[in-house]
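The values are calculated or read from the model by the stated rules, or taken from the named source; none is laboratory data. Being a predicted model, the structure only gives us computed values, none of them experimental. Because the Cβ atoms are built from the backbone with ideal geometry, glycine has one as well, and the counts that use them run over all protein chains shown.
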Amino acid sequence: MESEMTTTESRLKVILLISILVNAALASIVLSGLPWIKTPDARYASLAYQNQNLTRTVNSLKQETTMLQSQLSYYKAQAEYYSRILRLNRTGGDVAVGRSEVNIVAVRQVNDPVSGFAYEGVVLTAHLELREGEGRLLINTRPKIGIDLQTSANTAILVAENMTGLSLRDSDVILTVTADSETEVLDGPSAGAAITVALVAAIRNQTVDGAAFITGTINPDGSVGKIGGVLEKAAAAARFGAKRFLVPTGQRTAVTYRTEKSQPAPGLTIITTRPELISVEEYLREQGFSLEVREVANIMQAYDLLVSKQS
């Protein structure tokens, strides 16, 4: 009996050992199929590494996008250039001749009893003539006017050629700017849009509305660029009798400076100025003028608002 019990115990120990070994083997198999359970630090390091890879990928894509945009701009410029050449070749036999004039506004510096100096608008007249010639640009001012129109006029010629499809290589452009008196104006480029409109009107034998004004630079793509002194120029146009005033996009409002006086003590006067955003039309109404102010983005919009279509 004792011998049988000993045999049974031995068998149970063997069975238990086998069971432990089998369970260990099964646990090993199961664990080998599960993902490695990372510690928080390990997970953070893994996420940081992935973020670095994503950052590098994004930066690479940004660089590729920048290069593609640069290439697209280049090819667009090339396409516009060759398109212009083709248009000019088609009309190469025509010689542009004609006349037009347009009012332009500028600003000049004047003496001010409070601040020492101030700015005011001034109206000039640009007379434009196209003659058969050699593609020259001739600029004259009467009387002496300190205004730089060379760059604006050259750009105006380029834009006018693109807009009309007619080459000015066999025409001389004669631009004469007149004023009531000698003056030193500060912003010649702001006359670029007006000169372009007048140039196209001369090519097409049309007339610019004398009661409509425009201020704005002219860019090679035909867009009208922003300028300074819009309030002073609008006031000058209104005093001249303008009915419509065109400004670049975003410039129907401008900053003006309100002057305030205070007397904190007898004999002591303090003058302060504060900036204030105001619409151009409201600014003119405060001065007793009624003037329509409209924004234009490009020279074609400006032309439609400034030029009479009757030949």
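Residues Ile139, Ile157: which one is assigned by TED's automatic domain parsing to the domain that holds Ile214 and not in a helix (DSSP H, G or I)?
Ile139
Out of everything in segment 171-183 that is of a type in the set (D, E, K, R) and more than 17 Å from Phe240 (Cα to Cα), what residue ends up being surrounded by the most Cβ atoms within 10 Å (Cβ to Cβ)?
By that ranking, first place goes to Asp172.
Could you grab me the full set of residues in segment 290-307 that are out of contact with any Phe, Trp or Tyr (no Cβ under 9 Å at 6 or more places or on another chain), closer than 23 Å to Gly210 by Cβ and part of a loop (DSSP other than H, G, I, E, B)?
Hit for segment 290-307 is Ser290, nothing else.
Test Glu120 against the criterion of being at pLDDT below 90, part of a strand (DSSP E or B) and more than 21 Å from Ser223 (Cα to Cα), and give yes or no.
Here the answer is yes, as Glu120 does meet what is asked.
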